[in-house]
Amino acid sequence: MIGTWEAIRLVTEREVRDRVRTRAFLISTVLFVLVGVAAIVIPAILKSLPKPSYDVGLVGRYSQPVRQTIVDLGPTVGGTVRLRQQSSSDAARSALASGALDLAIVDSRTILVDRIPSDPTSGLVRLAASASQAVQIQTTLENEGLSPQQAASALRSPPLPVEAVQPTSKDVSGRRTVAFIGILFLYIAIVTYGGILATGVVEEKSSRIVEILLSTLRPYQLLAGKVLGIGVVGLGQLLTVGAAALIASVATGGNVLPSGGGLTIAAAIMWFVLGYAFYSCAYAAAGSMGSRTQDVQSTVAPLQFILLLTYLLGISALSSPDSTLVRVLSFFPPTAPMIMLARAAVGQVAWWEVPLSVALVLVGTYALIRVAGGVYARSILRTGPRIKLRQALRMAPA
Amino acid sequence: MLELHDLTKRYGSVTALDGLTFAVRPGEMFGFLGANGAGKTTAMRIVMGVAAADRGEVRWHGHLVGAEDRLRFGYMPEERGLYPKMKIREQLVYLARLHGLAMERASRNVDAWLHRLGLSGRSDSKTEELSLGNQQRVQLAAALVHEPDVLVLDEPFAGLDPIATDNLGGILKERAGDGAAILFSSHQLDLVEHLCDAVAIIDRGRLILSGALNQLKASGRPRLEVTVSGDGVGTWADGLPGAQVEERKGDTVILRLSDGVDTQAVLARALAAGPVTRFSLEQPRLSELFREAVAA
């Protein structure tokens, strides 16, 4: 007697072995690992690039405290500032034109640059604004009778502490990036593995091996084994990518992941498991309705569409995580995996919301297995033309 | 004993099977005959559990066939079926294990069958890389590898050359000798006649003739083959009471005789037409029983 678990295990083993040996699997794993590692390494490389240094020309007389104030602006614009005394405004202009200077302050009155940068947030623009402010305030205070030292210390007073009313983490943008990559991987993984599952199902159907398999297996055993086998391969691939990314992160200094980023990666993997569980049976049912491999394209099209829509909603949820629509969709089983991943990474999520969403996805998965499993069982032995969904839902068993 | 009892199956308005009943005994080679679309494949799929009957049941040793019994059934479906891209040895081991064999025994059986079928050198080939003939052999191995008690084979001889046909016939006889019940469908009636102990003939889902082959033949109308040298037309046989002309070719006439026909009267009529060089009374052939049954 072959037990249900034994049967499912045999099917699962075959699927795993069948899948990991294909060239497509090898190529996609290498590609995913490269993308995952690049996502970690490239920001690290950018971070370690030498910081820009700004050569600031001074025309006229400036007190030592003013000079120090200008040099101290360096870190606030992400670089260093070196001062170069210039003999005249014309000398400064030609130095700017030749590139020897980035910026010049003429007689505490005018600021010269070679060209206005097109990016208003560039370091040079911010340096110009800050330098102009510092020089003006210093001049005003000195004119009011303060000594240069007194004026400078007034300028250097510590900034007021900033308190956020909403408790947010300063690493939201880092987590947004991780969540963005997570949603992308989630989308690609579910679509890819769903597609592989649907193709595998129709291959068994069109080669008629399913007749032999189902003379000893029940349809649900075959379906469960296939779903598990391909799911295990998918999960293994994602974990490989995750591990490679983590190793890359440690190798490049270890602090590239924003705080909470590790949690977001773990959440992405959990949502893959749930999302795959939810969609896999639907993909298998879609596969079973085709009669040839070419039919799969059209039978899975509605699922691809729903997933693409969910993906786009998930990306947009990263910028508006607290809107009502996003809140609602984060509990709706088909969209929950990607949307809740986005919300939890960048939005406000109460402690009970993720468990509730998980529970709803599980309930939805159970309901879908009932319907899709039935469609699969009825369609898989039905030869002839492609089966329409309405037929598949109504048909009596073969 | 494998019993098909009152099997009935409808597909929409089409009745595929209509109260089909017959039985196959262990150790018996059972030929399942019928025109295309008569319902043979449907009946075999119901036996294997890949189609469900609307009415009726399949029994094995007196009880309803269940999943556990089917582990001991071997099946060759009509349209065949193997994973095209899977290595054949791996595939056969997998199928054997799905039928409940432990890894070691599965491997041993697979290697034995691959060797016997002359495929030892191809065990790492994918199905799709094999010639059609070799694919057929793998398909046969798939049905046999778990040492089944029942073999259900849908057109196992279709597409085989004469040597492969003989080999398959030999293997099936051997399995029957080991006590397996073998049910197979075929359109090659001479082959069935040569191999089978019993047959069932169905037409439009209904059983029209079944039983042990030698009994069916003994109770059928005998055939009489008469050659009258130099006759050429065979008109001498016209109008003989109880003797129906089946075929005329040259000097030879083949007659089918009703019960109680006096063969000596036929011989006298033939002698009147010329010298009789052959006068042979034989049991009817299966093909003749088949045509009669289907035409009735």
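So here's what we get for this one:
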| item | result |
| --- | --- |
| Filter result for the condition that a residue is in a loop (DSSP other than H, G, I, E, B) and either at the interface with chain A (Cβ under 10 Å from one of its Cβ atoms) or among the hydrophobic types (A, V, I, L, M, F, W, C) (or both), over B:E90, B:E78 | B:E78 |
| Answer from A:G347, A:G287 - the residue that is under 17 Å from the mean Cα position of the chain (by Cα) and of a type in the set (G, A, S) | A:G347 |
| Qualifying residue in region B:215-236 (condition: closer than 25 Å to B:S185 by Cβ and of a type in the set (K, R)) | yes |
| Residues that are in a loop (DSSP other than H, G, I, E, B), touching a Leu at 6+ places or on another chain (Cβ under 8 Å) and more than 10 Å from chain A (Cβ to nearest Cβ), drawn from region B:44-64 | B:A53 |
| Extreme residue, surrounded by the most Cβ atoms within 10 Å (Cβ to Cβ), among residues of region B:180-225 that are touching a Pro at 6+ places or on another chain (Cβ under 7 Å) and farther than 23 Å from B:A43 by Cβ | B:R221 |
| Residue identified as assigned to a helix (DSSP H, G or I), crowded, with 21+ Cβ neighbours inside 10 Å, within 25 Å of the chain's Cα centre (by Cα) and not aromatic (F, W, Y) among B:V138, B:V110 | B:V138 |
| Test result for B:D154, closer than 30 Å to B:A23 by Cα and surrounded by 16 or more Cβ atoms within 10 Å (Cβ to Cβ) | yes |
| Breaking point among (1) part of a helix (DSSP H, G or I); (2) in contact with a Phe, Trp or Tyr (Cβ under 8 Å, 6 or more places away or on another chain), for B:E174 | (2) |
| Hey, B:A237 under 24 Å from B:P156 (Cα atoms), in contact with a helix residue (DSSP H, G or I) (Cβ under 9 Å, 6 or more places away or on another chain) and aliphatic (A, V, I, L, M) or not | no |
| Flag for A:A367 being surrounded by 17 or more Cβ atoms within 10 Å (Cβ to Cβ), closer than 30 Å to A:S215 by Cα, at pLDDT below 95 and out of contact with any Ser or Thr (no Cβ under 7 Å at 6 or more places or on another chain) | no |
| Check on B:G179, part of a strand (DSSP E or B), modelled with pLDDT of 90 or more and away from chain A (no Cβ under 14 Å) | no |
| Selection status of B:G220, small (G, A, S) and over 24 Å from B:A296 (Cβ atoms) | no |
| A:L10 out of contact with any Gly (no Cβ under 8 Å at 6 or more places or on another chain) and among the hydrophobic types (A, V, I, L, M, F, W, C) | no |
| Residues located in region A:70-91, provided they are in contact (Cβ under 8 Å) with a residue 40 or more places away in the chain and touching a Lys or Arg at 6+ places or on another chain (Cβ under 7 Å) | A:V77, A:G78, A:G79 |
| Any chance A:V33 is out of contact with any Lys or Arg (no Cβ under 7 Å at 6 or more places or on another chain), of a type in the set (A, V, I, L, M), in contact (Cβ under 8 Å) with a residue 60 or more places away in the chain and more than 14 Å from chain B (Cβ to nearest Cβ) | yes |
| Sole exception among (1) more than 23 Å from the chain's Cα centre (by Cα); (2) within 7 Å of chain A (Cβ to nearest Cβ); (3) at pLDDT below 95 for B:R70, by number | (1) |
| Enumeration of residues in region B:207-235 that are assigned to a strand (DSSP E or B) and free of Cβ contacts under 8 Å to residues at least 60 places away in the same chain | B:G211, B:A212, B:L224, B:E225, B:V226, B:T227, B:V228 |
| Set B:L130, B:L101: member being farther than 27 Å from B:F32 by Cα and surrounded by fewer than 19 Cβ atoms within 10 Å (Cβ to Cβ) | B:L130 |
| Qualifying residue in region B:99-121 (condition: under 21 Å from A:L381 (Cβ atoms), within 10 Å of chain A (Cβ to nearest Cβ) and free of Cβ contacts under 8 Å to residues at least 40 places away in the same chain) | no |
| Condition broken by A:I380, with the remaining ones in (1) within 14 Å of chain B (Cβ to nearest Cβ); (2) of a type in the set (V, I, T); (3) surrounded by fewer than 20 Cβ atoms within 10 Å (Cβ to Cβ) satisfied | (3) |
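Conditions tested, residue by residue: (1) farther than 30 Å from A:A243 by Cα; (2) in a helix (DSSP H, G or I); (3) over 45 Å from the mean Cα position of the chain (by Cα); (4) outside the structural domain of A:L146 (by TED's automatic domain parsing).
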{"position": "A:K47", "(1), (2), (3), (4)": "no, yes, no, yes"}
{"position": "A:Y62", "(1), (2), (3), (4)": "yes, no, yes, no"}
{"position": "A:Q68", "(1), (2), (3), (4)": "yes, yes, no, no"}
{"position": "A:T76", "(1), (2), (3), (4)": "yes, yes, no, no"}
{"position": "A:L83", "(1), (2), (3), (4)": "yes, no, no, no"}
{"position": "A:A95", "(1), (2), (3), (4)": "yes, yes, no, no"}
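The values are calculated or read from the model by the stated rules, or taken from the named source; none is laboratory data. No experiment lies behind these values; they were computed from the predicted model shown. Every residue, glycine among them, receives a Cβ derived from its backbone with ideal geometry; neighbour counts consider all protein chains shown.
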